[in-house]
Amino acid sequence: MVGAATLLALLSMVIYYRAHRLTHGTRSLKGDERNEGVSLEGSSISSSGTNKNPSQSSASISFHQSHSLAQMGSAYDQGDTSSVPQKSKNHLESIRKDEGLTSPMSLLSSSNPSPSKSPISSENPGAMRVKSPDKLAGDLHLFDGSLTFTAEELSCAPAEVVGRSCHGALYKATLDSGNVLAIKWLKEGIAKGKKDFAREVKKLGSIRHPNLVSLQGYYWGPKDHEKMLISKYINGQCLAFYLQESEPRKLQSLSLDDRLRIAVNSARCLNYLHNERAIPHGNLKSTNILLEPPNMNPLLTDYSLHRILTSAGTAEQVLNAGALGYRPPEFASSSKPCPSLKSDVYAFGVILLELLTGKSSLDIVSADQGVVDLTDWVKLLSEGNRSSECFDKLLVDTPNVEAPRVLDEILQVALKCILPASERPDMKTVFEDLSTVAL
């Protein structure tokens, strides 16, 4: 009996010791995890761990919440007649998911997560971990003297995610000098090697036009995911946002005069790229046209990035264009489609249709002859002499008696742009045709 009691007491002590050790071990592990960085939970932000002073852990991380709409975001209005297509809510949701509401963080840290290796926890999609920056070892190249700063200054600048695309994440970074930059952090594996990348990006940086957001420089880091493109940050929303914002509107509605001016100036920029620089934009879409207030001056972004991408990166860009409704039909039969002058004209034609209809290129339309996309819907109405049914009601209800003529003239240019490749006009002709349209 004594032996059994002793054995039972010994067993109880072992069980207690194991349970006590497991409990303290788990707490220690969680403490280590908390010390790794900052957790961003939805709209709140907290600093965890034993260090109660955030400034002691990283001078380059700001611990306040920064709210920012994505430049590439858009919202959608609702159609109210059977002949007008309804807005694509799925597209709205997909863009909203790409918007970043994060705290400013160090941009060039080698411990900063790659856009292709998302820092967002799979278990908690609202959480992001941000670590302190390490010493920089990469190369920063600036193309002219309009901006001067060092990689160290850039690394210490607070940065927030303002958009994401097939190329990677877009950051807004504010330098101590007050200059605000747009930093496109390329996804790992989509950029060419250093020599080819540097040669091509310098060519792109030499392109200047009043309607273009020109590249100002680039950063090439020691790790595969540390490749960044630098340009000035434009404090304006994209064209898609203005055209497709839902009620109640926060932005001004674009008048017919605004839309004509946007079309002409965008065409002028494309004509310059095509005929003065012999290079296609390659990634035309309404989210890549920023409108700079107060005059709504259009600025094209993300131009000619296919020149610095691998074949896989270019293929992903083309696939993305197709998913968004801007890919020309001839790409469907090509084994390796690549952006071209002709594909630019097609995409610009789709943008003209968005300007005329106020709708998204992604809209699926319930038409008389079945379900079709935006381009087919407009063509069907045009062939049936019902073009007026496709125009944005904001444009149709204008008191300007010249509006119907102007709308029809722009529509004719748009329809030519989306013809088969062999019949499409070049950008010079498109620009000249639009320039003759007058209110």
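Derived scalar couplings between HN and Hα for segment 203-213 equal 4, 5, x, 7, 7, 10, 7, x, 10, 9, 8 Hz in order, rounded to whole Hz, by the Karplus curve 6.51 cos²θ - 1.76 cosθ + 1.60 (θ = phi - 60°), x for Gly and Pro.
The H on the amide N of D392, modeled in the peptide plane, is under 5 Å from the matching H of T357, G358, each at least 5 residues off or on a different chain.
Where a ≥ b ≥ c are the square roots of the eigenvalues of the C-alpha gyration tensor, would you call segment 360-439 rounded, which needs a/c under 1.5, or, failing that, prolate if a/b is larger than b/c, or oblate? The shape class here is oblate.
For the pair S435 and K194, what calculated FRET efficiency results from E = 1/(1 + (r/R0)^6), where r is the Cβ-Cβ distance and R0 = 60 Å, to the nearest 0.05? It comes out at approximately 0.90. Arranged from fewest to most other beta-carbon atoms within 10 Å of their beta carbon, M228, M296 become M296, M228.
One decimal place: the segment T310-L419 gains 36.3 nm when fully extended, by the rule 0.36 nm per residue minus the C-alpha distance. If you plug the beta carbon distance of V396 and Q252 into 1/(1 + (r/R0)^6) with R0 = 25 Å, you get a FRET efficiency near 0.85.
Would any residue of segment 212-234 have its amide N under 18 Å from a label point 7 Å out along Cα→Cβ of N275? List them or say none. Within reach of a label on N275: 212. With a ≥ b ≥ c taken as the square roots of the eigenvalues of the C-alpha gyration tensor of segment 201-241, please select rounded if a/c is under 1.5 and otherwise prolate if a/b is larger than b/c or oblate if it is not? Taking the square roots of the gyration eigenvalues as a ≥ b ≥ c, segment 201-241 is oblate.
Positive contributions from Lys and Arg (+1) and negative ones from Asp and Glu (-1), summed over other residues with Cβ under 14 Å from the Cβ of E292, come out at +1.
Checking every one of the trypsin sites (Lys or Arg not before Pro) in segment 377-421 against DSSP loop status and a limit of 13 other Cβ atoms within 10 Å picks out R386.
Only the coordinates and a few stated rules stand behind these numbers; no lab work does. Bear in mind that the values here come from a model prediction, so they are computed numbers and not experimental data. Cβ: placed from backbone, ideal geometry, glycine included. Neighbour counts: every protein chain shown.
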